[in-house]
Amino acid sequence: MKSSTFGLVIISTLGSSKALAPVNVTWSNCPQTTGIECATVQVPLDWADESKGMIPIALSRIPATTPQREGYMFFNPGGPGGSGTEFIQFTGKEIQSILGAGLEIISWDPRGVGGSGPNITLFSGEAEYGDFWKPLVGGGHVGAHGNLTITSDVDFLMTQVSTFDSAAQSLNQRMIERNGDLLK
């Protein structure tokens, strides 16, 4: 295991900054990958109210391959819902080859994605998940009429707007009921 220390400065949306103590990050080889290291750091669930607890943030990096590290490139592919750690596993070495072998390429999973918390749960399992989406898939449903270049598919989809709205509202209500304060 390798260890490195980062000093973090968090900038709030109000423009003030809060300096934090350096965080010691312990890196180890990521499972099922070569040349990529993984780590987890703990951060507050709510920076404005740290009494709400801590959550894990998953990190991955491709170490510099030169004798002297030149710096760090923090990279996240954006989203919503994209895993930065998975992105680095697939494209990190290419990014490093473009930017320079002396840079460590580091990414993370945003909150609620991949290996980062909080763990947001919408369904108790595959069966409940399938039952929720069942009205929107299958023959005679939205999934069978997705070609928007065919007038009859467009007409069918327009008749399903209320079904989509209902599903979105139900999903939102489920999110609030099952995850409450984790979403604030």
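Once region 11-34 is narrowed to residues that are open to solvent by 40 Å² or more (accessible area, probe 1.4 Å) and either at pLDDT 85 or above or under 19 Å from the mean Cα position of the chain (by Cα) (or both), the residue that is nearest to residue 115 (Cα to Cα) is 31.
Which residues, counting only those in region 23-56, are farther than 25 Å from residue 102 by Cβ and assigned to a strand (DSSP E or B)?
Within region 23-56, 40, 42, 43, 44, 54, 55, 56 qualify.
Among residues of region 113-123 being open to solvent by less than 40 Å² (accessible area, probe 1.4 Å) and out of contact with any Leu (no Cβ under 8 Å at 6 or more places or on another chain), the one that is farthest from residue 82 (Cα to Cα) is 123.
Could we say that residue 126 is within 30 Å of residue 163 (Cα to Cα), among the acidic types (Asp, Glu) and open to solvent by 30 Å² or more (accessible area, probe 1.4 Å) here? Against the criterion (within 30 Å of residue 163 (Cα to Cα), among the acidic types (Asp, Glu) and open to solvent by 30 Å² or more (accessible area, probe 1.4 Å)), residue 126 qualifies. Across region 151-166, not a single residue is classified as part of a helix (DSSP H, G or I), under 18 Å from residue 40 (Cβ atoms) and aliphatic (A, V, I, L, M). Please work out if residue 113 is among the hydrophobic types (A, V, I, L, M, F, W, C) and closer than 29 Å to residue 168 by Cβ. So residue 113 passes the test.
The values are calculated or read from the model by the stated rules, or taken from the named source; none is laboratory data. Here the structure is a predicted model, which means the values were calculated and not measured. Ideal geometry is used to build each Cβ from the backbone, glycine not excepted, and the neighbour counts take in all protein chains shown. For accessibility, only protein heavy atoms count, side chains too; no ligands or nucleic acids. Shrake-Rupley method; radii C 1.70, N 1.55, O 1.52, S 1.80 Å.
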